[in-house]
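Enquirer: Handing you this structure, nothing more for now.
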Amino acid sequence: MPLDVRPLTGPDELPSWLKVVRTAFLEPPTVPAERLAEIVGSFGESRFTGAFEDGGCVGTLRSFPQRVTAVGGGQVAANAVTGVSVAPTHRRRGILSRMMGADLAAAHARGDAVATLISAEYPIYGRFGFGPATHSLDWRVDVAATGIDRQRALPPGDGRLALVDAETALAEGPALHARFLAGQPGALSRDAAWWRALTGTGRRDPGWKEPVYVLHRDADGAPAGLLCYEADDTSRTAKVHDLLATTAAARRALWTYLCTIDHVSHVETYHRPPDDVLPLLLPDPRAEAPGSLVIGVADPSGPAGGTYRLTADADGTGQVKRTEEEPELSLDVSVLARLWLGEGSPLALAEAGLLDARTEGAAARAERVLRTARRPWCPDGF
């Protein structure tokens with residue numbers, strides 16, 4: 001039977017679409033009624049694509065609007081891709097390629113700067129131009145082994161901490177996160193539904209437990225940090241759901257708080273930045289590395305291919321323009337994805353044969369221009 005790859009015509013097609021997603025990700029095929037109602041209610045906020053054969057759904061892809069913080073603090077329009085699956089009965093028929101091709105072409109036509117996804121299986125997406133741009137770490141902290149003085153108070157002038165309720169977290173969190181975005185390459189926008197889920201004022205997953213919220217205000221009384229964690233009295237563990245800070249003082253305060261809670265023996269935290277050394281972080285999000293470079297990008301799918309001149313100023317701002325000049329280094333768009341947020345090393349990529357330096361010193365100059373003092377970090381999954 002011919003395959004029809006198309007947008008969903010309406011919410012009535014969601015149950016069959018979700019059945020394919022849930023089967024592919026090893027969940028029970030039927031979506032709970034409450035979750036289905038929520039997805040139906042937000043149907044217009046996403047772009048649902050399905051592959052259909054003989055009236056039945058056999059492939060899925062969802063994308064939605066997103067903003068990503070680039071190096072230097074600017075936010076760019078992104079096409080967030082999620083819910084990608086193909087029914088086990090229809091693998092190796094080109095369904096994924098057709099869905100991805102249609103979605104990325106539409107994103108290019110809209111003017112989106114990048115596409116993002118969290119890869120469940122890494123080898124799949126390189127052929128579509130994706131590459132690993134951010135990394136994160138999960139930590140389990142043995143509090144007793146840290147040597148932290150539980151009697152230590154916050155240094156004078158570092159602000160103050162307060163236990164707050166969910167409503168206060170919901171009121172203060174979005175503006176605090178907006179300030180955080182300006183200094184963290186790789187960070188994503190958070191919509192109202194994200195904050196409702198964190199605070200339990202919206203959808204609650206099965207087993208949801210009310211967390212504790214801690215707000216840090218600086219010396220002037222302005223919010224500078226927000227911590228959300230769940231305490232388990234059986235394991236004496238504090239499980240961090242979110243730790244957001246816009247100043248080094250707020251980070252120090254919130255980490256100190258976590259590691260000095262009475263009766264807590266372990267702290268577990270997930271999706272932390274790879275250079276998040278307790279409790280300090282580099283304050284400067286961009287290394288001072290002025291320079292200029294002509295880069296040739298190969299993109300078999302089309303949208304990103306071409307030659308560009310990248311000019312970076314000492315303050316971290318820069319410009320990219322298409323050019324007819326000969327490239328000083330050439331790379332695939334998937335390699336560019338590794339470098340765009342400052343994570344990858346051009347010198348290491350050149351040594352691995354993934355980047356072709358065509359002029360003397362081009363890879364070393366790319367290292368200065370493209371690397372960042374603070375490693376990119378994406379704290380949120382989707």
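Enquirer: Check Gly55, Gly131 and return the single one that is small (Gly, Ala, Ser) and either farther than 30 Å from His241 by Cα or touching an Asp or Glu at 6+ places or on another chain (Cβ under 6 Å) (or both).
Expert: None of the other options fit; the residue is Gly55.
Enquirer: Shifting gears a bit: Only one of Gly353, Gly361 is free of Cβ contacts under 8 Å to residues at least 12 places away in the same chain and farther than 23 Å from Arg127 by Cα; which?
Expert: Among Gly353, Gly361, only Gly361 is free of Cβ contacts under 8 Å to residues at least 12 places away in the same chain and farther than 23 Å from Arg127 by Cα.
Enquirer: State whether one or more residues within segment 88-109 are touching a Ser or Thr at 6+ places or on another chain (Cβ under 8 Å) and closer than 29 Å to Asp242 by Cα.
Expert: no
Enquirer: I need the full set of residues from segment 21-34 which are surrounded by 14 or more Cβ atoms within 10 Å (Cβ to Cβ) and in contact with a helix residue (DSSP H, G or I) (Cβ under 9 Å, 6 or more places away or on another chain), in order please.
Expert: Thr23, Ala24, Val31
Enquirer: Say we look at segment 40-70 and pick out the residues that are of a type in the set (A, V, I, L, M) and closer than 28 Å to His90 by Cβ; which of these is most open to solvent (accessible area, probe 1.4 Å)?
Expert: Looking at residues that are of a type in the set (A, V, I, L, M) and closer than 28 Å to His90 by Cβ, I get Val40.
Enquirer: Enumerate the pairs (first residue in segment 158-171 and over 18 Å from Leu198 (Cβ atoms); second residue anywhere and exposed (fewer than 14 other Cβ atoms within 10 Å of the Cβ)) with beta-carbon separation below 7 Å, excluding pairs fewer than 6 apart on the same chain, so at least 6 apart or on different chains.
Expert: Gly159/Ala219
Enquirer: Can you tell me which condition Asp191 does not meet? The list is (1) open to solvent by 50 Å² or more (accessible area, probe 1.4 Å); (2) touching a helix residue (DSSP H, G or I) at 6+ places or on another chain (Cβ under 9 Å); (3) within 20 Å of Val240 (Cβ to Cβ), and all the others hold.
Expert: (3)
Enquirer: Also: Quick one: in segment 351-382, which of the residues that are closer than 23 Å to Thr69 by Cα and of a type in the set (Asp, Glu) is least open to solvent (accessible area, probe 1.4 Å)?
Expert: So the residue we want is Asp380.
Enquirer: Still on this model: Considering every residue within segment 263-270, establish whether at least one is modelled with pLDDT under 90, touching a Ser or Thr at 6+ places or on another chain (Cβ under 7 Å), closer than 19 Å to Pro379 by Cα and surrounded by fewer than 21 Cβ atoms within 10 Å (Cβ to Cβ).
Expert: no
Enquirer: Report every pair of residues separated by at least 6 positions or lying on different chains whose Cβ atoms are under 7 Å apart, first residue within segment 325-344 and within 23 Å of Thr69 (Cα to Cα) and of a type in the set (Ser, Thr, Tyr), second open to solvent by 30 Å² or more (accessible area, probe 1.4 Å) and not in a loop (DSSP other than H, G, I, E, B).
Expert: That search, which allows pairs on different chains as well, returns Ser334/Gly126.
Enquirer: If you go through segment 88-111 one residue at a time, do you hit one that is surrounded by 15 or more Cβ atoms within 10 Å (Cβ to Cβ), touching a residue at least 24 places away in the same chain (Cβ under 8 Å) and within 16 Å of the chain's Cα centre (by Cα)?
Expert: No: zero hits.
Enquirer: Before we move on, is Ser119 open to solvent by 40 Å² or more (accessible area, probe 1.4 Å), in a helix (DSSP H, G or I), of a type in the set (Ser, Thr, Tyr) and within 20 Å of Asp299 (Cβ to Cβ)?
Expert: It is false that Ser119 is open to solvent by 40 Å² or more (accessible area, probe 1.4 Å), in a helix (DSSP H, G or I), of a type in the set (Ser, Thr, Tyr) and within 20 Å of Asp299 (Cβ to Cβ).
Enquirer: Just to be sure I understand, how many residues within segment 223-250 are open to solvent by 30 Å² or more (accessible area, probe 1.4 Å) and within 19 Å of the chain's Cα centre (by Cα)?
Expert: Here the count works out to 2.
Enquirer: Taking the options Thr49, Thr30, Thr82, name whichever one is modelled with pLDDT of 95 or more, outside any helix (DSSP H, G or I) and either farther than 30 Å from Gly342 by Cβ or charged (D, E, K, R) (or both).
Expert: Exactly one of Thr49, Thr30, Thr82 is modelled with pLDDT of 95 or more, outside any helix (DSSP H, G or I) and either farther than 30 Å from Gly342 by Cβ or charged (D, E, K, R) (or both), namely Thr49.
Enquirer: Would you mind finding the one in Gly305, Gly344 that is among the small types (Gly, Ala, Ser) and within 21 Å of Gln184 (Cβ to Cβ)?
Expert: The unique qualifying residue is Gly344.
Enquirer: Also: Identify, please: which residue in segment 341-350 is part of a loop (DSSP other than H, G, I, E, B) and crowded, with 21+ Cβ neighbours inside 10 Å and is, among those, farthest from the chain's Cα centre (by Cα)?
Expert: Restricting to residues being part of a loop (DSSP other than H, G, I, E, B) and crowded, with 21+ Cβ neighbours inside 10 Å, the top hit is Gly344.
Enquirer: Which condition breaks for Arg150 when tested against (1) under 21 Å from Thr260 (Cβ atoms); (2) in contact with a His (Cβ under 6 Å, 6 or more places away or on another chain); (3) of a type outside the set (A, V, I, L, M, F, W, C)?
Expert: Condition not satisfied by Arg150: (2).
Enquirer: Filter segment 290-340 down to the residues that are touching a strand residue (DSSP E or B) at 6+ places or on another chain (Cβ under 6 Å), of a type in the set (D, E, K, R) and not in a strand (DSSP E or B) and list them by number.
Expert: Across segment 290-340, the qualifying residues are Glu325, Glu328.
The values are calculated or read from the model by the stated rules, or taken from the named source; none is laboratory data. Just so you know, these numbers come straight off a predicted model, no measurement behind them. All Cβ positions, even for glycine, are placed from backbone atoms using ideal geometry, and neighbour counts span all protein chains on display. The protein model used for the area step is the full one, side chains on, heavy atoms only, and it has no ligands, DNA or RNA in it. Shrake-Rupley method; radii C 1.70, N 1.55, O 1.52, S 1.80 Å.
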